[in-house]
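Some notes on the structure that comes next.
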Amino acid sequence: MRTHPLAPETDGARRSPRSRISRIAARAALTLTLVAGVTGGVVAPAQAANPYERGPAPTESSVTAARGYFDTDTDSVSSLVSGFGGGTIYYPTTTREGTFGGVVIAPGYTASSSTMSWMGHRLASQGFVVFTIDTNTRYDQPDSRGRQIEAALDYLAEDSDVANRVDGDRMAVMGHSMGGGGTLAAAEDRPELRAAIPLTPWHTQKNWSSVQVPTMIIGAENDSIASVRSHSIPFYESLNRNLESAYLELDGASHFAPNTSNTAIAKYSISWLKRFVDEDERYEQFLCPPPSTGWLSDFSDYRDTCPHLT
């Protein structure tokens, strides 16, 4: 495991992060409730310990499949909406299991939401409401994309036609290239987010030590636009060493690997989102221990904070 600088104290004006102590206490309370439910040798269902689990127990086949457990549908959002450029929402059609975590995905420089559309049904079918957005212009810089991601988060949870399916307390962000830089900017600004996944990210800011959101950075070994040596790796190494984080580098891949269907990206994105948005420890098996790297592997590099994931 690599280590990196401790995060500085955050500005007092920044919103307070979700308390990890509170989360631990909440889990303890749920455990006590479960124990209290044992009567006459009958144990309460295991899912009672985690109300956010969605879908059956995962397998290697389920996290690599093109479609998951849930049937999905879409809803188009007009470009006239305020704060960002519209987009497409992908969502599970069922409401039997309650609400779902929300995920906003931003495209890269000069790109549209169509470049990220392959993730829509794939992630939604695993039990998320997914919003692939367009930006106000195709030339918006990372910080602007970050603000637009935040506007889309609010719209998805509060004003969209599927807001009743979204748990506004369990939201995550993803983005490609400058959208990946925007993902880091949004995560820095909103510590209450549950997960962030920058994909071959680009940003002029290199230090992200104030980010308090569990973050998986996915880089590409042969990226000539956002070189991993000047972007993804410095971004990852700057994160607080006590933060739940991982760096995955796709072997032989280019900057545009996230723009087409990619099983490795899907598997680890799904596992990260499930683990931190749904607090579903059943998916930890796909993150720890880490995958092998090098010869015959999909990855040229993989770094993580596995001891902090449990």
| message | I'd like to verify a number: residues in region 74-97 that are within 13 Å of Ser160 (Cβ to Cβ) and either touching a strand residue (DSSP E or B) at 6+ places or on another chain (Cβ under 8 Å) or not in a loop (DSSP other than H, G, I, E, B) (or both), how many? | response | 11
| message | Suppose we keep only residues that are surrounded by fewer than 17 Cβ atoms within 10 Å (Cβ to Cβ) and of a type in the set (Val, Ile, Thr) within region 82-115. Which one would you say is farthest from Ile265 (Cα to Cα)? | response | Thr95
| What residue, of Arg145, Arg170, is of a type in the set (Lys, Arg), assigned to a strand (DSSP E or B), closer than 21 Å to Trp272 by Cβ and in contact with a strand residue (DSSP E or B) (Cβ under 7 Å, 6 or more places away or on another chain)? | Arg170
| request: Please verify whether region 227-245 includes one or more residues that are in the same structural domain as Ala196 (by TED's automatic domain parsing) and within 26 Å of Ser61 (Cα to Cα). | output: yes
| message | Yes or no: region 225-236 includes at least one residue that is under 19 Å from the mean Cα position of the chain (by Cα), exposed (fewer than 15 other Cβ atoms within 10 Å of the Cβ) and not aromatic (Phe, Trp, Tyr). | response | no
| Qualifying residue in region 181-188 (condition: surrounded by fewer than 24 Cβ atoms within 10 Å (Cβ to Cβ), part of a loop (DSSP other than H, G, I, E, B) and not polar (S, T, N, Q)) | no
| Residue that is nearest to Gly127 (Cα to Cα) [pool: residues in region 251-310 that are surrounded by fewer than 16 Cβ atoms within 10 Å (Cβ to Cβ) and among the charged types (D, E, K, R)] | Glu281
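The values are calculated or read from the model by the stated rules, or taken from the named source; none is laboratory data. Values in this document were obtained by computation on a predicted structure and should not be read as measured data. With ideal geometry, Cβ positions are generated from the backbone for all residues, glycine too; neighbour counts draw on all protein chains shown.
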